[in-house]
Each structure stands twice: as C-alpha cells, then as structure tokens.
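Here's the structure we're looking at; comments come further down.
Values quoted throughout were computed directly from the atomic coordinates according to the rules given, and no laboratory measurement underlies them. None of these values were measured; they are calculated from a predicted model. Note that each Cβ is placed from the backbone with ideal geometry, even for glycine, and that neighbours are counted across all protein chains shown.
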Amino acid sequence: MSEPSATPTFTRVVLFTDTDGRARFREDAVPLTEGTPQSRLSALMPSGGLQLRESPVGFRSQFHVSTVPQWVFILSGSMEIGLQDGSSRVFAPGEHFYSADLLPAGASFDASVHGHWSRQVGDVPLRTLFVRG
C-alpha cells in the first residue's frame with residue numbers, strides 16, 4: 001500500500017503582534033483540502049469587504065498598527081514593511097501578507113513599541129488590494 005500524499009498548503013505570511021507587543025512576521029500553512037487535484041482550494045474564509053489603494057512614489061507612513069486583520073495583496077509597485085527591531089521585508093507584485101498586528105488589549109499606542117511602518121519602493125506607484133478578514 002502506498003503512502004498517502006501530503007495535503008498541499010498555501011503559505012500565508014502573517015504580520016502579527018507578539019506577546020511583548022511588538023510586530024513580527026511568521027509564516028503559516030493554510031491547508032488546501034477542497035477542490036480537485038488540478039485545482040486545490042482552501043476552505044472558504046469570511047471577509048468584511050475590500051479596498052483598493054494607490055500610494056505615490058515616495059510614500060512612507062509613520063509607525064502604526066492595523067485597525068482590523070486584513071489580507072494585503074500587492075498589485076503593482078513594491079511595498080516595504082519595517083518593524084521596531086529594524087528589520088524590514090519587501091513585497092513585490094503578486095505577493096501578499098496578512099496584517100494582524102493589532103494593538104494589544106488595554107494598551108495605549110506607543111510608536112516606540114507597537115506597530116510597523118510601510119513605504120512605496122522604486123519608481124512605480126504602489127497599488128494594493130486590502131481584504132478584511
């Protein structure tokens with residue numbers, strides 16, 4: 001008898017608030033258990049609407065937290081996300097992350113501890129699609 005094949009997964013990049021209140025990245029596996037062998041699907045996930053955004057060349061935000069968990073898909077241009085520890089990650093067209101770095105319960109926002117900053121990278125305006133989770 002042959003071994004059953006492993007369930008395929010989608011790698012979800014997650015920007016989250018760690019137990020110390022600081023934003024960090026991690027990767028989660030989303031099982032693709034539905035559909036057919038030629039078209040694997042995840043389970044249906046609820047959403048609370050979507051928004052499109054364009055940020056001009058030179059855009060950079062201050063440190064902030066996400067107000068609601070949401071998927072961020074890069075449509076064109078590139079987006080850099082910077083964390084309090086000085087690290088950053090650049091997302092190119094076709095890439096994504098799940099932004100869930102919410103303010104910890106009971107905390108007051110402190111720009112030296114909480115959140116992330118974002119900026120447009122390169123000479124192409126940044127266009128993103130936000131899907132609230």
Problem set entry | Derived scalar couplings ³J(HN,Hα) [segment 93-100; Karplus, 6.51 cos²θ - 1.76 cosθ + 1.60; whole Hz; x for Gly, Pro] | x, x, 9, 8, 8, 9, 8, 9
Exercise. Going by average Cβ neighbours within 10 Å, how do the peptides 101-110, 69-78, 27-36 rank, with the highest at the top?
Worked result: 69-78, 101-110, 27-36
Problem set entry | Using θ = phi - 60° and Karplus 6.51 cos²θ - 1.76 cosθ + 1.60, couplings along segment 122-132 (whole Hz; Gly, Pro as x) | x, 10, 10, x, 8, 10, 10, 10, 9, 10, 5
Exercise. How large is ³J(HN,Hα), in whole Hz, for each residue of segment 54-64 in order, when computed from phi with the Karplus curve 6.51 cos²θ - 1.76 cosθ + 1.60 and θ = phi - 60°, using x for Gly and Pro?
Worked result: 10, 10, x, 3, x, 4, 8, 8, 7, 4, 7
Problem set entry | Rough spin-label spacing in nm, given labels placed 7 Å along Cα→Cβ, for residue 113 and residue 53 | 2.4 nm
For this session: Would you mind checking which residues have amide H under 5 Å from residue 99's amide H? H placed 1.01 Å from N; only 5 or more apart, or other chain.
Result: 15, 70, 71, 72
Exercise. If you count, for each residue, the other Cβ atoms within 10 Å and average over each peptide, how do 19-26, 79-86, 41-48 line up from highest to lowest?
Worked result: 79-86, 19-26, 41-48
